[in-house]
1. Take the residues of segment 12-50 that are β-branched (Val, Ile, Thr) and free of Cβ contacts under 8 Å to residues at least 40 places away in the same chain: which is nearest to Asp86 (Cα to Cα)?
2. Filter segment 49-75 down to residues that are of a type in the set (Val, Ile, Thr) and at pLDDT 95 or above and give me whichever is surrounded by the fewest Cβ atoms within 10 Å (Cβ to Cβ).
3. Quick one: which residue in Ser94, Ser81, Ser12 is touching a strand residue (DSSP E or B) at 6+ places or on another chain (Cβ under 9 Å) and exposed (fewer than 11 other Cβ atoms within 10 Å of the Cβ)?
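The values are calculated or read from the model by the stated rules, or taken from the named source; none is laboratory data. Bear in mind that the values here come from a model prediction, so they are computed numbers and not experimental data. Please note: Cβ atoms are built from the backbone with ideal geometry, for glycine as well, and neighbour counts cover all protein chains shown.
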Amino acid sequence: MAYDATQLKSVSGNVFGGIRFWTYESTDDGATVNTAGYISDGYTQGVRNGDWVFFVRRTSSSNTVPTEAKVFIVVSEGTASAPASDLADGQVMSTTDTD
């Protein structure tokens with residue numbers, strides 16, 4: 001797959017002095033999403049340094065249980081002329097249910 005701009009969604013305005021929260025859902029894995037420039041229009045969409053991106057990977061439809069979940073922090077927002085954003089490595093959120 002490739003980056004899908006329609007799946008990057010702002011879920012909050014400026015909180016904590018300017019941080020925004022975003023969601024991104026894809027069939028791509030977290031390592032791919034974390035590749036520099038993957039979010040090719042981040043700056044244009046309003047992504048800024050320090051924003052958080054909550055990522056969910058599903059193998060098929062949005063009704064399935066996520067196979068991967070991570071929280072990324074934006075470390076490079078891009079610019080108006082080069083709008084690609086870069087994310088930090090991310091923190092894994094468990095999708096395991098042991099009960």
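1. If we filter segment 12-50 for residues that are β-branched (Val, Ile, Thr), which is where we start, we get 15, 19, 23, 27, 32-33, 35, 39, 44, 47.
Narrowing the set further to residues that are free of Cβ contacts under 8 Å to residues at least 40 places away in the same chain leaves 15, 19, 23, 27, 32, 35, 44, 47.
On the way: Val15: 21, Ile19: 16, Thr23: 15, Thr27: 19, Thr32: 11, Thr35: 7, Thr44: 13, Val47: 10 Å.
Here the residue is Thr35.
2. First, the residues of segment 49-75 that are of a type in the set (Val, Ile, Thr): 53, 56, 59, 64-65, 67, 71, 73-75.
After this cut, where a residue has to be at pLDDT 95 or above as well, the list is 53, 71, 73-75.
On the way: Val53: 24, Val71: 15, Ile73: 15, Val74: 23, Val75: 13.
Per the criteria, the residue is Val75.
3. On the way: Ser81 fails: touching a strand residue (DSSP E or B) at 6+ places or on another chain (Cβ under 9 Å); Ser12 fails: exposed (fewer than 11 other Cβ atoms within 10 Å of the Cβ).
Ser94 is the lone residue from the list that is touching a strand residue (DSSP E or B) at 6+ places or on another chain (Cβ under 9 Å) and exposed (fewer than 11 other Cβ atoms within 10 Å of the Cβ).
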